[in-house]
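Quick notes on the structure that follows.
The values are calculated or read from the model by the stated rules, or taken from the named source; none is laboratory data. Since the structure is predicted, the reported quantities are computational estimates derived from the model, not experimental observations. Neighbour counts are summed over all protein chains in view; Cβ atoms, including those assigned to glycine, are modelled from backbone coordinates with ideal geometry. Each accessible area value is taken on the protein alone, full model and side chains, heavy atoms only, with ligands, DNA and RNA left out. Shrake-Rupley method; radii C 1.70, N 1.55, O 1.52, S 1.80 Å.
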Amino acid sequence: MQRPCARPTTSARSTWGGRADNNHVPPPDAPRPGGGAPQPRAARRPRPRRAVAIADNLSNTAENRTVDWLFGVDVEGPVVPLKMALVTAAGSDSAAGTEVTGGSYARKNISVAAAVNGAVSNSADLIFTGMPACTVVGWEIWDSAGSPVRWSYGPFDASKTVAAGDEFKVAAGAWTFSAS
């Protein structure tokens, strides 16, 4: 014979009279455990909304294509190889930054290993030779389509001023992209 569920036999209660198993939410004007006056509802902090976020350095195009892919919408991915561009003025989700021009500067193919803990790093040195005189502030990742698509962007840890003819190097593992 099966017995009906019984109520817990514990007699422990919190200072506001709720159940000890914490399945009861105190009324808004209840005193706080440990003493203190109740807070009026207006003074309470609202709970933040939770959202899953991908790194805040994806272009609008990349954000839209990622969400489409995640929910099974037929979407075109980037055309490989992906290339790193250097910028002298930062871009945004909707606008590209000011790319370095002049000298022998050219975008460099970037290769990464499989993601670990939601992050990838460049697996080889990226060496930009014959740079024009400029201050590099950040990077952008473009694909190799006939009309290239900008997928991601961001700042370097510190800006670097280079003289005409200098090289700019991003050592293997020094650049990381993460989805967090």
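Worth a mention:
- Qualifying residue in the range 121-136 (condition: in contact with a Pro (Cβ under 8 Å, 6 or more places away or on another chain), open to solvent by less than 30 Å² (accessible area, probe 1.4 Å) and either among the hydroxyl-bearing types (Ser, Thr, Tyr) or outside any loop (DSSP other than H, G, I, E, B) (or both)): no
- Subset of the range 70-87 [open to solvent by 50 Å² or more (accessible area, probe 1.4 Å), under 21 Å from Ser121 (Cβ atoms) and outside any loop (DSSP other than H, G, I, E, B)]: Lys83
- With respect to the conditions (1) of a type outside the set (D, E, K, R); (2) open to solvent by 70 Å² or more (accessible area, probe 1.4 Å); (3) on the phi > 0 side of the Ramachandran plot, Ala90 lacks only one, and its number is (3).
- The range 36-75, residues that are at pLDDT 55 or above and within 21 Å of Ala95 (Cβ to Cβ): Asp56, Asn57, Leu58, Ser59, Asn60, Thr61, Ala62, Glu63, Asn64, Arg65, Thr66, Val67
- Residue among Ala163, Ala119, Ala133 that alone is under 16 Å from the mean Cα position of the chain (by Cα) and not β-branched (Val, Ile, Thr): Ala119
- Candidates Ser159, Ser104: the one that is closer than 14 Å to Leu86 by Cβ and assigned to a strand (DSSP E or B) is Ser159.
- Scanning the range 166-180 for residues that are more than 19 Å from the chain's Cα centre (by Cα) and hydrophobic (A, V, I, L, M, F, W, C) yields Phe168, Val170, Ala171, Ala172.
- Verdict on Val67 being in contact (Cβ under 8 Å) with a residue 40 or more places away in the chain and open to solvent by 60 Å² or more (accessible area, probe 1.4 Å): no
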